[in-house]
Amino acid sequence: MRVQRTHQVERAGVSWIEHLVSAELGWLFRPQDVADFGIDAQLEVVDGEPAEATGRLIGVQIKSGSSHFKVSAESGWWFVCDADHVSYWLGHSLPVLVMLYEPESKRVYWQHVSNRTVVSTGKGAKIHVPKSQELTAESAQALSPLARSQAEVPAVGEWLIEDVDQRQREVFHELLLSARLHAMFPDCGVIRHEWTERANMTVHFAKPEVDRFFPIVVDIVIVASALRAALLVAQFGVGQRYAPIVVVVMDPERPDGLPSNPSRPPVFVTAWSTDGKNDASLRSTFESARTWVTDRSNQIRRDEWHGAPER
């Protein structure tokens, strides 16, 4: 029976990475031999003196062969992948690394899969793998903070359903939503406001385009139900013309009960959940709000340039 060359390269890549993880990082390497659904192995951080297993894990997708180094990028390479794998990695309970093995040089390069590193190509996606991120003993310092205990996510979930102070809960959601938005739009900054009625954030884009007359500023109100969202649309839907309100509904029981997104007045509504399942809707709604502000500011600029009265 013939042995496929690609299979040999794949196994060599897994074996060599296992060697580097064990010998250089001093960590534990656990191959996922049962089925390959996008994770080839788990790394467990080993720390302290004497060395002790920490229970903090990272998932790894391994790609072996020179073909993965054909698409050059600045100071590295583009790893081209499909949208289904990206969705699986981003939704995984563990942080996920992509590792590329170059068989001729026996060098391994890695990148953390996140909203910051994944670039959409339309039908698929690509991830920039820097040449500077070679897997060596020094990689432990960069990779260790990414590792996550399996108990962390359930602990957060249990905390959210406990009878804790409502303001604490809202602050947590503000911080988590801020992190999600910054991952989606790295050029935005969040200015927190203290509202006694409900959690509120103002998002400002720190690097507006040079031809934009007004900076983009978006107010976000976090509410708990579609009914309250509808009331806010009615309450704040008149009067604001420069900064639209994005009403984010946390964990809605009936997402179909959300009020529609009107183009005027500038109120945009979306569902959102702490598990990230509604992030695509959040991104789309936020981009719609940005587009509205951009169009509005450009219109005001044209009107003032031509001497038209301010609207």
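The values are calculated or read from the model by the stated rules, or taken from the named source; none is laboratory data. If you're wondering where the values come from, they're calculated on a predicted model, not measured in any experiment. Positions of Cβ are generated from backbone atoms using ideal geometry, with glycine treated the same way; all protein chains shown enter the neighbour counts. Note: accessible area is taken over every heavy atom of the protein model, side chains too, but ligands, DNA and RNA are not part of it. Shrake-Rupley method; radii C 1.70, N 1.55, O 1.52, S 1.80 Å.
Annotations for the structure displayed:
- Unmet criterion (only one of (1) closer than 15 Å to Leu143 by Cβ; (2) over 26 Å from the mean Cα position of the chain (by Cα); (3) modelled with pLDDT under 90) for Arg56: (2)
- The residue of the range 82-102 that is farthest from Ala280 (Cα to Cα), among those that are of a type in the set (D, E, K, R) and open to solvent by 50 Å² or more (accessible area, probe 1.4 Å), is Asp82.
- Condition check for Val269: modelled with pLDDT of 70 or more, open to solvent by 30 Å² or more (accessible area, probe 1.4 Å) and of a type outside the set (D, E, K, R): no
- When the criteria are applied in full, Ala23 meets the requirement of being assigned to a helix (DSSP H, G or I) and either at pLDDT 80 or above or closer than 19 Å to Pro103 by Cβ (or both).
- Test: residue in the range 55-67 that is of a type outside the set (Phe, Trp, Tyr), touching a residue at least 60 places away in the same chain (Cβ under 8 Å) and in contact with a helix residue (DSSP H, G or I) (Cβ under 9 Å, 6 or more places away or on another chain): yes
- Condition check for Glu162: out of contact with any Lys or Arg (no Cβ under 7 Å at 6 or more places or on another chain), exposed (fewer than 12 other Cβ atoms within 10 Å of the Cβ) and at pLDDT below 80: yes
- Applying the criterion of being surrounded by 13 or more Cβ atoms within 10 Å (Cβ to Cβ) and either within 30 Å of Lys277 (Cβ to Cβ) or out of contact with any helix residue (DSSP H, G or I) (no Cβ under 6 Å at 6 or more places or on another chain) (or both) to the residues of the range 72-81, the residue that is modelled with the lowest pLDDT is Ala73.
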